[in-house]
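The values are calculated or read from the model by the stated rules, or taken from the named source; none is laboratory data. What you see is a predicted model; the values in this text were computed from it and never measured. Heads up, the Cβs are rebuilt from the backbone with ideal geometry, glycines too, and the neighbour counts pull from every protein chain shown.
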Amino acid sequence: MNISKRFFITIVIVSLLVGAASTAVTLEMLEEDQVVQQDQDDQQNGSEQEENDQDESNQSEESNSDLDVLSYAMNLIESDFVSEVSREELIEGALEGVVNKLDDPYSEYMDAEAMGEFQSQIESTFEGIGAEVTKRDDYITVIAPIKDTPAENAGIRPNDRIIEVDGESLEGYTVYEAVTLIRGEKGTDVTLTIDRPGEDEPFEVVITRDTIPVTTVYSSVEEHDGNNVGVLEIRSFSEKTHEEFAEELEKLENEENIDGLVIDVRGNPGGLLESVRTILGHFLNEDDPFLQVSSKDQDQSPYYLQQSGDKDYPISVLINEGSASASEIMAAAMKENGGYDVVGQTSFGKGTVQQTVEVGDGLLKMTVMNWLSPEGNQINEVGIEPTAKVEQPEYYYVSLIQTDEPLAYDMNSQEVNKMQVMLDGLGYEPGRTDGYFDRKTESALESFQQDNGLDVTGTLNEQTEDEIEQQILDLVQDPDSDRQLQRAVELLFE
C-alpha cells in the first residue's frame, strides 16, 4: 500500500575543504508528505506471514552465530595477543574492516576523534589551501581547487592525485586522515607530491595556507554585440548561497538590465541540495523533477522543485571537470528540463548519496542511494556532458614554476616545460613545450625580458620567473581569455 511519511536524509559530499579546520559540505534534502511504495502488500495471507516469520527467525539465528564467531575471535586476541589491546580498539577495527570490505570510496567508519573533526568541518572554519578532495581508485584525488585560493594559485587541478604530504605517503589513508596531514594554520607551508594524469613523473608543490573566502556567489557583466550579459559564478552551495544568488540576480536584472545570463559552476564541488533546488526554482517548472534517486530496494523516485520560475532572456551554464555533486544536479536539470546550453568540459561524476549514522562513539557514513539526472541518466563516474565542449588554453592548467636554480639553455625538466607553456600563452613562441630548453626557447625568453624591462640574460632567474607567473595569473583572470565563458556568451544570441 502507499504510505505518507516525512523523509529526511543527509547527502554527504565525500569531499573535504582541506584547511586548518577542514570543511565538509552536506546536502540536505527535506521532503514532506513524500509518497513511497511499501515493499510488502498489506493483504498477505496467513501462510505467507508464517514463512516471513520463519525467515526472520532463521536470519536471527545466523546473525547470532556470526556475532559469536566475532566475539570468540576478539576474546582470543584479548587473552593471547602478544601486546596489550583494548576491547574498544578491537570493536573499532572490526567496524572499519566491515566498511572497508564494501570497496566503496564514499563509505567510511569514523572513530570518536575523526567524528569530532567531521563535525567541526560541518561547522566550517575557513583556513587552509582551498581544495576539495575525495578518494577515487584508492588515491586521494582533487575534485577542484576553489577559486582565488592558495591551491588554485599554485596550479592544483581537478583529478590531481595527492600521493604524499610533506614526504609522508598517503597510501592506505582515508580522506579524513589525509586532510589531517594537509591542514594547518594560516601562513604555514605544506608540500604536496602530485601525480597528475598525463605527466610522466610526480612533482612537488609548496602551498602556503591562508583564509578561504566564505562568499559563494559573485556577479559581473560582460558586453557582447551591444548586449549586457550577466555572469553569476557559484563557488559552492552553502546555507546562504540561494540568498546571495537571488540578491545578485535581482541586481543584474534591475540595475544592469541584462539581456542574457551565464551561470558558472566550474570548480564548484557541491554543497546543500536545498540551495540548488531554491536556485533552480528561478528558472524551471516545479511540475518537472529536477533529479531522481534510486536505492537497493526502491526504483527511481523523482524529486520536484518547490516553486516555478521563467525568464524572458537566454541562459547558459558553465561546467568543467571540477564541477561535482550539487553542481552536477544543477547542470543536469538546466540541460534536460530547461533545454539550456551547458558549456565546458565533462563534469566530475559524483552521483552517490551517503547517510551518516552514529554508531557507539563513532560515525558510520554509508552510500545508500544513487542520484540520477531528471531523465534518469547515470551520473556517478560518468559526469554531465556539455552541449558545447570547449577546452581552455594549456596555460590555464600549468602549475607555478618551482626551482632552486636558474633555468638555462640545454636543460630538460618539468619546470622548463612550465616556462615554455607560459611563454607560449603570453605570445612569445618558444617553438616547443616538451621541457627541453633550446635556442628558440632562449630567444623567446630574451624577448620577454626585454619587453618587460628585465635583465636580458636568456635564463630564467627569480625576477623573470615572478614576472612571467604574474602575467599568466592576470591572463587567466581576464574574461576575454576565457574560451569557455566567451563561447557560453556567444551561444546566448545564436
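Observations
- Selection from segment 259-280 of residues that are within 22 Å of Ala388 (Cβ to Cβ), in contact with a helix residue (DSSP H, G or I) (Cβ under 9 Å, 6 or more places away or on another chain) and not in a helix (DSSP H, G or I): Gly260, Leu261, Val262, Ile263, Asp264, Val265, Arg266, Gly267, Asn268
- Residue among Glu117, Glu78, Glu132 that is assigned to a helix (DSSP H, G or I), modelled with pLDDT under 85 and not hydrophobic (A, V, I, L, M, F, W, C): Glu117
- Strands (runs of 3 or more DSSP E) (entirely within segment 136-246) containing at least 3 residues that are at pLDDT below 90 and either in the same structural domain as Glu469 (by TED's automatic domain parsing) or surrounded by 14 or more Cβ atoms within 10 Å (Cβ to Cβ) (or both): 139-145
- A residue that is modelled with pLDDT of 90 or more and either on the phi > 0 side of the Ramachandran plot or β-branched (Val, Ile, Thr) (or both) occurs somewhere in segment 349-356.
- The condition of being in contact with a Lys or Arg (Cβ under 6 Å, 6 or more places away or on another chain), of a type outside the set (Phe, Trp, Tyr) and more than 25 Å from Glu201 (Cβ to Cβ) holds for only one of Val398, Val390, Val456, that being Val390.
- Any pair with Cβ under 9 angstrom, 6 or more apart, that starts in segment 385-403 at a residue that is outside any loop (DSSP other than H, G, I, E, B) and ends at one that is of a type in the set (Ser, Thr, Tyr) and surrounded by 18 or more Cβ atoms within 10 Å (Cβ to Cβ): Ala388/Ser316; Glu394/Thr433
- Some residue of segment 425-442 being surrounded by 15 or more Cβ atoms within 10 Å (Cβ to Cβ), under 30 Å from Asp264 (Cα atoms) and either within 30 Å of the chain's Cα centre (by Cα) or not assigned by TED's automatic domain parsing to the domain that holds Ile263 (or both): yes
- Checked against (1) under 18 Å from Val231 (Cα atoms); (2) hydrophobic (A, V, I, L, M, F, W, C); (3) in a helix (DSSP H, G or I), Phe283 meets all criteria but (3).
- Filter result (among the hydroxyl-bearing types (Ser, Thr, Tyr), out of contact with any Pro (no Cβ under 6 Å at 6 or more places or on another chain) and more than 20 Å from Glu469 (Cβ to Cβ)) within segment 142-200: Ser169, Tyr173, Thr174, Tyr176, Thr180, Thr188
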